[in-house]
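Have a look at the structure below before the remarks.
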Amino acid sequence: MNILILNGPNLNMLGIREPEIYGAKTLDEIEADCLEKAQSLGFAVDFRQSNHEGELVDWIQDAAINMDFKALIINAGAYTHTSVALHDALKILDIPIIELHITDPKKREKFRHISYIEPLATDTISGHGPQGYCVALERCAEILKS
Ligand code: DHK
């Protein structure tokens, strides 16, 4: 059973980027945690990051066409708050979608309060820090079991 984890812009800079807000872990370390967690839950994980909106749209479209993933976890970074294109692509996807944020955007600047992902998400995980990725995987396991 495969789970796709997509990361949007600037998440490749974790570890360097505002560690007081996003934590000290790098994206590579988070990916390693996800692989371990997924294995313990009986999943395989495909973990990707892009700074480009179109590439994220392409990956979501591929997942919709090829139907090779059972669920999507997406931290769209700043595109969460701006991207109608990601919203439209996610609408095509007929699998559970977990919206993920390291921080809690609703408790931050006003421009982060809108999410174009949220209306399409089965659930949202936010404010758990880098550990949120593993929380999202656990949530996927619950959703896929039920
Ligand atoms: C990550 C980002 O890059 C921001 O643009 C979002 C999100 C919040 C996070 O908390 O993971 O506003």
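Based on DSSP H assignment, which helices of the chain show an axial Cα extent of at least 18 Å together with a mean Kyte-Doolittle hydropathy greater than or equal to -1.0?
Length and hydropathy pass: 27-41, 53-66, 132-145.
Using only alpha carbons, build the gyration tensor for the chain and give me the equivalent ellipsoid semi-axes, biggest first, whole Å.
On the way: eigenvalues 85, 69, 40 Å².
Equivalent-ellipsoid dimensions as semi-axes: 21, 19, 14 Å.
If the elastic network links every pair of Cα atoms under 10 Å, which of Gly77, Gly127, Gly42 fluctuates the most in the Gaussian network model of the chain?
Of Gly77, Gly127, Gly42, the most mobile in the Gaussian network model is Gly42.
Using the structure shown, list the pairs from Lys37/Lys145; Lys37/Lys70; Lys70/Lys91; Lys107/Lys145; Lys70/Lys107; Lys70/Lys110 with a Cα-Cα distance above 25 Å, or answer none.
Going by Cα-Cα distance, Lys107/Lys145; Lys70/Lys107; Lys70/Lys110 fall outside the 25 Å limit.
What residues have an amide H closer than 5 Å to that of Gln49, excluding those fewer than 5 places away on the same chain, when H is modeled at 1.01 Å from N in the peptide plane?
Asn7
For a quick check: with amide H placed at 1.01 Å from N, whose amide H comes under 5 Å from Asp123's, ignoring anything fewer than 5 positions away on the same chain?
Close amide H contacts, sequence-distant or interchain: Ile97, Glu99.
Bear in mind that the values in this text are calculations on the coordinates, not laboratory data. Please read these numbers as outputs of a predicted model, since none were measured by experiment.
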